[in-house]
Amino acid sequence: MTDEGNAPVLEVEGLDISRGNDLVVKGASFKILKGEYVGIIGPNGGGKTTLLLGILGTLKPDRGTIKMFGKDASSFDEWERVAYVSQNAVNFDATFPMTVREMVSLGRVGRRNLGRKLGAEDWKAVDEHIALLELEDVAGKRIGELSGGQKQRVFVAKALVRGPELLFLDEPIAGVDPKVQEAFYKKLSDLNTRLGLTVVIVSHDLTAVFCRMSKVICVSGEVNVSEITEGFEPSELLRKAYGEHFHFVYHRHECAGDFHGA
Amino acid sequence: MALDLAWLGIFGYRFFQNALLGGTLAAAACAWVGLFLILRRESMLGDGVAHTAFGGIALGLLLGISPLLAALVVSIVSVLGIAYMRKKGIANSDAAIAVIMAMGFALGLIIISLAGGFNVELFSYLFGSILTISSGDLALVAVLALVTLAFLGTFYKELMSMTFDEDAARMTGIPVGAMSVAFNILVATTIVVSIKVIGIILVTALMIVPGLTALQLRLSFRRTVAAAVGFGVLATLTGLLISSAYGVATSGVVVFAAVGLLLFVAAYRRLA
């Protein structure tokens, strides 16, 4: 959903981020435009999560600039426009007493309504997002009783119920089978198209990234960015990140007509 | 067989009405705060702080000021001390509780020896004495319990969010640091509230058992809170009635009633 006329929602320039004494992300520079569907890929330990946490302000970068919606990150204070689902979100205590509806409602809790009850409008938004992520059948169930794929969708619903314009997802990979994962990417595609939501997702599923997304950010210490267009050839980008012996067979017909440009 | 209702006459006595009021409020506050402690995996925090309250009680008796007020101050200092040690990485939760608990008890012991012996009154704080609660203590218990319940009710959704995931709660703009301090102070006030009802030694039972019983039912968050409060109040009322009818220690019967409910509900969940 690249739209050249749109203003960037995120601009990163010359970003270095360290963890302890190790420089993990080196010289990241890229722009993400409104309505893009962006995949962040790269080997384990390559710095994908570090990059995300740096952008979100959880980790302090060594140098470089970050602009969110045109504003410098250090003075950015419109965090309700940004949502984030962490890698560990789904690893919660399964006995925690909370229903799906209660969980999603937590997305409406924040500084603006501190100490006040959620109103009818809040609950309306909660139920709309439960429907949007096809969770109606399990809305009254406890979150611990859900399958991996359902949990993922609950956390996305919780993130989206605040009405953000930019969604960051650090993809949880454990315990979700490929079919369910594929359905999840399709759902995100759909939200990206229908709501004009900008989605940035850390992913291990290269096929999903190259079939569905409009841009790929490849993080392996250094950061390389490519637009994914018709006839895009990822081998060189992938070899830079994963090494000379890495082979990724990528057939456009496997995208089954779901290619983001199709 | 004619039903003997003579025992109901006890409800007409002022001391029993006071005990009912104080007991119900303390049990409700205890169960609600305790549920959060269980979910935050800090079940032993209540026990640790209660033991430091012992030092506070002894201090109050020595100085001739309200022992409950002195216990309140010492408990608040202790709970914040535990939080500080954890935050600064001096000790993990268990170890910090152990240190503060020993300190509090040692303080009590030193004061008792300074005062020249064991004060009989101290015994009533160790094991509770709800049936002989004074109107001054009742007023303190009622006010503290109501403040606690009001706070928990007002910040219900924020506390639920923090209890589930503190980092995520912080990102939504909830002032997690300030709320944690406030919650820790509530733990201290709740313990002081319960000292008269159940005593320092058994306060954990009133904090943890009702919440644990409610969790067996696998309900929503809202209903789990309601069930925990219900079980806590039920156990306390049962304890009050049985103990006054048979002249046995109230706190002992309250604990038996609470644990009895837990066993019944746990068995019911597994058999039904």
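The values are calculated or read from the model by the stated rules, or taken from the named source; none is laboratory data. Nothing here was measured: the structure is a model prediction, and the numbers come from that model. Every residue, glycine as well, gets a Cβ built from its backbone with ideal geometry; the counts of neighbours run over all protein chains shown. The area values use the complete protein model at the heavy-atom level, side chains included, leaving out ligands, DNA and RNA. Shrake-Rupley method; radii C 1.70, N 1.55, O 1.52, S 1.80 Å.
A straight Cα-to-Cα reach below 19 Å connects A:LYS117 with the lysines A:LYS158, B:LYS157, residues fewer than 8 places away in its own chain not being considered. Helix screen, chain B: DSSP H segments with Cα axial length of 20 Å or more and mean Kyte-Doolittle hydropathy at least 0.0 are B:14-39, B:43-63, B:67-87, B:93-115, B:135-154, B:176-198, B:203-216, B:221-246, B:250-271. For the options A:LYS60, A:LYS117, A:LYS26, a Gaussian network treatment of chain A with springs between C-alpha atoms closer than 10 Å singles out A:LYS117 as fluctuating the most.
Accessible area per residue for the protein assembly as shown in Å², computed with a 1.4 Å probe and the full protein assembly in place, what is it?
Result: 45 Å² of accessible area for each residue.
Grouping the Cα pair distances of region A:170-230 into 10 Å bins from zero gives a pair-distance distribution of 19, 53, 26, 1 percent in increasing distance order.
Consider all pairwise Cα distances in region B:106-224 and report the whole-number % of them above 20 Å.
58 percent
Between B:SER129, B:SER251, B:SER66, the residue with the greatest mean-square fluctuation in the GNM of chain B (Cα pairs under 10 Å linked by springs) is B:SER66. Residues of region A:103-133 that bury at least 20 Å² of accessible area when the other protein chains are present, relative to the chain alone (probe 1.4 Å, heavy atoms, ligands and nucleic acids excluded): A:LEU106, A:VAL109, A:GLY110, A:ARG111, A:LEU114, A:GLY115. Relative to the current alpha-carbon distance between A:ASP177 and A:GLU13, full extension at 0.36 nm per residue lengthens the span by 55.4 nm. Annotation: extensible slack from B:LEU8 through B:LYS88 equals 23.4 nm (criterion: 0.36 nm per residue apart, minus Cα-Cα distance).
Summarising the overall dimensions of region B:69-176 from its C-alpha atoms, the Rg and Dmax are 18.2, 55 angstrom. The charge dipole of the protein assembly as shown, taken about its Cα centre with unit charges on the Cβ atoms of Lys, Arg (+1), Asp and Glu (-1) only, comes to about 1200 debye.
Building the convex hull from the alpha-carbon atoms of region A:121-213 and averaging its projection over directions returns 6.0 nm². Report, ordered by chain and residue number, the aspartates and glutamates lying within cross-link reach of A:LYS141, taken as a straight Cα distance under 13 Å and ignoring same-chain residues fewer than 8 apart. Qualifying aspartates and glutamates at Cα under 13 Å: A:GLU102.
Comparing A:ALA241, A:ALA208, A:ALA131 in a Gaussian network model of chain A (Cα springs below 10 Å), the most mobile by mean-square fluctuation is A:ALA131. For the protein assembly as shown, a Kirkwood radius taken over Cα pairs fed into Stokes-Einstein (10 °C, viscosity 1.306 mPa s) yields D = 61 µm²/s.
Placing a pseudo-label 7 Å from each Cα along the Cα-to-Cβ vector at A:LYS240 and B:PHE15 gives an inter-label distance of 8.5 nm. Write down the percent of antiparallel bridges among all DSSP beta bridges whose residues are both part of the protein assembly as shown, to the nearest 5. Here the share of antiparallel DSSP bridges comes out near 55 percent. Full extension of the chain between B:SER43 and B:LEU109 yields a length gain of 21.2 nm, computed as 0.36 nm times the residue separation minus the alpha carbon distance.
Across region A:83-175, the convex hull enclosing all Cα atoms gives 102 Å³ per residue. Sorted from greatest to least, the principal axis extents spanned by the alpha carbons of chain B come out as 64, 57, 31 Å.
For a straight C-alpha distance cut-off of 24 angstrom, the lysines reachable from A:LYS26 (same-chain residues fewer than eight places away being disregarded) are A:LYS48, A:LYS60, A:LYS67, A:LYS71, A:LYS215, A:LYS240.
Take the Cα of A:ASP22, step 7 Å toward its Cβ, do the same at A:ALA120, and the gap between the two points is 5.5 nm. Across the accessible surface of the protein assembly as shown, with the other protein chains kept in place and a 1.4 Å probe, carbon and sulfur atoms take up 59 percent. Note that region B:1-104, at 25 °C in a medium of 0.890 mPa s, gets a Stokes-Einstein diffusion coefficient of 153 µm²/s from its Kirkwood radius over C-alpha pairs. Loop-located chymotrypsin sites (Phe, Trp or Tyr not before Pro) in region B:15-121 (DSSP state not H, G, I, E or B) with no more than 11 neighbouring Cβ atoms inside 10 Å: B:PHE118.
The contact between chain B and chain A removes approximately 2100 Å² from the accessible area (both sides summed; 1.4 Å probe; ligands, DNA and RNA excluded). For chain A, the spread of Cα coordinates along the three principal axes comes to 53, 44, 39 Å, biggest extent given first.
Out of every Cα-Cα pair that region A:1-144 contains, those further apart than 19 angstrom amount to 65 percent.
Take the Cα pairs of region B:188-272, get the Kirkwood Rh, then feed it into Stokes-Einstein at 10 °C and 1.306 mPa s and tell me D in µm²/s.
121 µm²/s
Taken over the C-alpha atoms, region B:154-238 has Rg and Dmax values of 14.5, 44 angstrom. Only helices enter the 222 nm calculation for chain A: every DSSP H run of n ≥ 4 contributes -39,500 (n - 2.57), and dividing by all residues gives -8500 deg cm²/dmol, rounded to 500.
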